[in-house]
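Structure first, commentary second.
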């Protein structure tokens with residue numbers, strides 16, 4: 001009886017105050033190209049946090065909410081996904 005060895009790798013990146021575990025199985029799981037791609041995932045998550053975090057005072061979303069950044073001056077990703085999706089309260093009408 002032979003045992004098949006499956007190449008595996010686990011990468012943990014920390015973003016938004018949380019660990020993100022990336023579990024890879026199969027040929028190339030430990031390759032330098034895979035490590036490069038995991039690094040790009042980390043970079044993309046950091047960029048998303050920089051733009052969308054409601055907990056970081058310097059994020060585009062936080063600055064828009066506080067009136068410190070105009071929608072037009074926000075990162076294009078924030079304009080596309082956030083600025084058009086905000087809910088504007090309906091005016092109160094007297095009874």
Residues satisfying the stated conditions in region 5-47, i.e. part of a helix (DSSP H, G or I) and touching a strand residue (DSSP E or B) at 6+ places or on another chain (Cβ under 7 Å)
34, 38, 41, 42, 45, 46
Can you work out which of the residues in region 49-63 that are over 10 Å from residue 75 (Cβ atoms) and assigned to a helix (DSSP H, G or I) is nearest to the chain's Cα centre (by Cα)?
49
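Please work out if residue 93 is modelled with pLDDT under 90 and part of a helix (DSSP H, G or I). Quick ask: steps written out before the conclusion?
Details: modelled with pLDDT under 90: yes; part of a helix (DSSP H, G or I): no.
Against the criterion (modelled with pLDDT under 90 and part of a helix (DSSP H, G or I)), residue 93 does not qualify.
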Determine if region 55-69 includes at least one residue that is touching a residue at least 24 places away in the same chain (Cβ under 8 Å), under 18 Å from residue 82 (Cβ atoms) and touching a helix residue (DSSP H, G or I) at 6+ places or on another chain (Cβ under 6 Å).
no
With the condition kept exactly as written, say whether any residue in region 16-31 is at pLDDT below 90 and in contact with a helix residue (DSSP H, G or I) (Cβ under 8 Å, 6 or more places away or on another chain).
yes
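The values are calculated or read from the model by the stated rules, or taken from the named source; none is laboratory data. Note that the structure is predicted; figures quoted are calculated from it, not measured. All Cβ positions, glycine included, derive from the backbone under ideal geometry; neighbour counts span all protein chains shown.
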